[in-house]
Amino acid sequence: MITVATLGDIHQAQLLRSYLQSEGIEADLPDEMTILNTWHLAHAIGGVRVQVVPQDLESAQHRTAEFLKNLDQPVVHRCPECDSTHTSDDNPARNWTLFGFVVVILIAVGIFAPVRPKYRCRDCQHSFYV
């Protein structure tokens, strides 16, 4: 097999392999298990190699260049009303993340804060703190 690309990220290499295989090109990642088990050595061994059979080399090089070109392009969301690309993520659920964090902290402080003993009078049912 011949190396058609060497990538620094195992996930990108797996995507490229899947893309080549979907195009009918036999592709393999000989370093896949090494990188999955010792991910911190990925750059030491030179990245993740994507290899193809020699008869598919020219087609694989063309498809790989196409894949890598599309990989670096950011995702652009267009407004369906005016076709503008000046859009932003307006998800209100993200605001709840901070709220949830504050609630958890308040609960933790309430649970671990010293509790004043509360007493109740058995005659008049009045509750009071000492």
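Let me check I've understood the local charge: for residue 22, count other residues with C-beta under 15 angstrom from its C-beta, Lys and Arg +1, Asp and Glu -1. What total comes out?
Here the count lands on -3.
With a sphere of radius 13 Å drawn around the Cβ of residue 48, what net charge do the other residues whose Cβ falls strictly inside it have (Lys, Arg +1; Asp, Glu -1)?
-2
What is the packing order of peptides 98-109, 1-12, taking the mean over residues of other C-beta atoms within 10 Å and listing the highest first?
Put in order of decreasing packing, that is 1-12, 98-109.
Per-residue counts of other Cβ atoms within 10 Å, averaged by peptide: what ranking do you get for 119-127, 59-67, highest first?
Listed from highest to lowest mean packing, they are 59-67, 119-127.
Read-outs: derived from the displayed coordinates by stated rules, not from any lab. Owing to the predicted nature of the structure, the values given are computational and were not obtained by experimental measurement. FYI the Cβ positions are ideal-geometry reconstructions off the backbone, even for glycines, and counts take in every protein chain you see.
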